[in-house]
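The values are calculated or read from the model by the stated rules, or taken from the named source; none is laboratory data. Because the structure is a prediction, the values reported are computed rather than measured. Reconstructed Cβ throughout: ideal geometry from the backbone, glycine too, with neighbour counts over all protein chains shown. The protein model used for the area step is the full one, side chains on, heavy atoms only, and it has no ligands, DNA or RNA in it. Shrake-Rupley method; radii C 1.70, N 1.55, O 1.52, S 1.80 Å.
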Amino acid sequence: MTTAHPDTTIIGIHGKSPRIHDSAFIAPGCRIIGDVEIGPDASIWYNCVLRGDVTRIVIGARTNVQDGCVIHCDGPQPGAPDGFPTLIGDDVLIGHMAMIHGTRIEDKGFVGFAAQTMNGCVIEREGMLAAGALLSPGKRIPARQLWAGRPATFMRDLDDRMIAGLQLGVAHYAENAKHHAALFDGQAQS
């Protein structure tokens, strides 16, 4: 049984319940509903909504979903019998207030502040969607590319220094989550 702060909602629907690794940090104010899997050392920050009510959501190891994000998916439909699950790999950074919908983000991907992705999008390994960008349905960001704008388009390739900086961000969030979790020890309930 996952423990949660009293201000957090973790509930099942349609016979599917969230599966959250014991080492993951779930901040107060989060709403995690349905078929949602959260991996080791992942962090879901304050006031995020992860709603897996029509298909599944997966959050990988050490991935962080920053404050105020909304993550959803889309169920089966004509041309998409499996629907559009949201599958997020390991070591991914998702910036504050982002909206991720029916998208696959591969390991070490990045989504900037207030960016949006739509059904069928893919951000390949070490790909980056800039702050405020909108990735329209079915678009794919190739590995190590930066896309920006509304709608998002290719801007430039990412160099090793930029990728290393993003991975420092992943390490920072994994460590900072431990400090935030310690603030709430003793306040959690089953």
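When only residues in the range 37-72 that are assigned to a strand (DSSP E or B) and closer than 16 Å to Ala4 by Cα count, which is most open to solvent (accessible area, probe 1.4 Å)? Among residues in the range 37-72 that are assigned to a strand (DSSP E or B) and closer than 16 Å to Ala4 by Cα, the one most open to solvent (accessible area, probe 1.4 Å) is Glu37. Considering only the range 140-156, I want to know if a residue exists there that is assigned to a helix (DSSP H, G or I) and among the hydroxyl-bearing types (Ser, Thr, Tyr). Within the range 140-156, not a single residue is assigned to a helix (DSSP H, G or I) and among the hydroxyl-bearing types (Ser, Thr, Tyr). Apart from one condition, Asn119 fits all of (1) under 10 Å from the mean Cα position of the chain (by Cα); (2) open to solvent by 30 Å² or more (accessible area, probe 1.4 Å); the exception is (1).
With the requirement that a residue be touching a residue at least 12 places away in the same chain (Cβ under 8 Å) and either within 19 Å of Ala27 (Cβ to Cβ) or assigned to a loop (DSSP other than H, G, I, E, B) (or both), what does the range 73-85 give you?
Step one: filter the range 73-85 for residues touching a residue at least 12 places away in the same chain (Cβ under 8 Å), giving 73-76, 80, 82-85.
Across the range 73-85, the qualifying residues are Cys73, Gly75, Pro76, Asp82, Gly83, Pro85.
Quick check: is even one residue across the range 150-163 free of Cβ contacts under 8 Å to residues at least 60 places away in the same chain and buried (at least 19 other Cβ atoms within 10 Å of the Cβ)? Before the answer, list the steps.
We begin by selecting, within the range 150-163, every residue free of Cβ contacts under 8 Å to residues at least 60 places away in the same chain; these are 150-163.
The next check asks that each one be buried (at least 19 other Cβ atoms within 10 Å of the Cβ); those that pass are 152.
Yes.
Only a single criterion out of (1) within 25 Å of His72 (Cβ to Cβ); (2) of a type outside the set (S, T, N, Q); (3) not in a strand (DSSP E or B) is not satisfied by Ala181, namely (1). Within the range 174-182, identify whether any single residue is in contact (Cβ under 8 Å) with a residue 40 or more places away in the chain, under 30 Å from His14 (Cβ atoms) and surrounded by fewer than 18 Cβ atoms within 10 Å (Cβ to Cβ), and answer yes or no. Yes, because at least one residue in the range 174-182 is in contact (Cβ under 8 Å) with a residue 40 or more places away in the chain, under 30 Å from His14 (Cβ atoms) and surrounded by fewer than 18 Cβ atoms within 10 Å (Cβ to Cβ).
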